[in-house]
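Engineer: Quick one: the structure is below, and I'll ask about it shortly.
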Amino acid sequence: MSFQNTMKALADPTRREILNLLKSGEKNAGELAEHFDMTAAAVSRHLSVLREADLIRDRRDGKFIIYELNASVLEEILLWLTELKGE
């Protein structure tokens, strides 16, 4: 995991919304795309950035790619922020 890639991924509001959608459970790209007014290619690019930052995981299920939240990376960030804050 690159901290810089993670922070870059989290800086975008669309990517943060994708993470919010995934906190309720796994979804495929089509289910995620329904929540946005953008092309499928744009959603795919956002998913790629999140995957590169290790914030989400994906797996193939037949013809679909299923995405899920990788909470361990978020936990590492929260731990770092807590330590930075001095708590």
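The values are calculated or read from the model by the stated rules, or taken from the named source; none is laboratory data. Predicted, not measured: the structure shown is a model, and the values here were computed from it. Cβ placement follows ideal geometry from the backbone for every residue including glycine, while neighbour counts extend to all protein chains displayed.
Engineer: Any residue in the stretch 64-87 that's in a loop (DSSP other than H, G, I, E, B): show its pairings with residues that are surrounded by 13 or more Cβ atoms within 10 Å (Cβ to Cβ) at Cβ separation under 6 Å, as long as the two are six or more apart or on different chains.
Structural biologist: Partner pairs satisfying both residue conditions: N70/D54; N70/L55; N70/I56; N70/R57.
For (1) β-branched (V, I, T); (2) loosely packed, with under 14 Cβ neighbours inside 10 Å, each residue gets a yes or a no:
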| position | (1), (2) |
| --- | --- |
| T6 | yes, no |
| A9 | no, no |
| R15 | no, no |
| N20 | no, yes |
| L79 | no, yes |
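Engineer: Can you tell me which residue within the stretch 42-63, out of those that are under 14 Å from the mean Cα position of the chain (by Cα) and assigned to a loop (DSSP other than H, G, I, E, B), is surrounded by the most Cβ atoms within 10 Å (Cβ to Cβ)?
Structural biologist: The extreme case among them is L55.
Engineer: Can you find even one residue in the stretch 17-27 that is under 14 Å from I77 (Cβ atoms), modelled with pLDDT of 95 or more and in contact with a helix residue (DSSP H, G or I) (Cβ under 9 Å, 6 or more places away or on another chain)?
Structural biologist: Checking the stretch 17-27: at least one residue is under 14 Å from I77 (Cβ atoms), modelled with pLDDT of 95 or more and in contact with a helix residue (DSSP H, G or I) (Cβ under 9 Å, 6 or more places away or on another chain).
Engineer: Right, here's the next one. Considering only residues that are in contact (Cβ under 8 Å) with a residue 12 or more places away in the chain and more than 14 Å from F64 (Cβ to Cβ), which ones fall in the stretch 24-41?
Structural biologist: Result: G25, H35, F36, M38.
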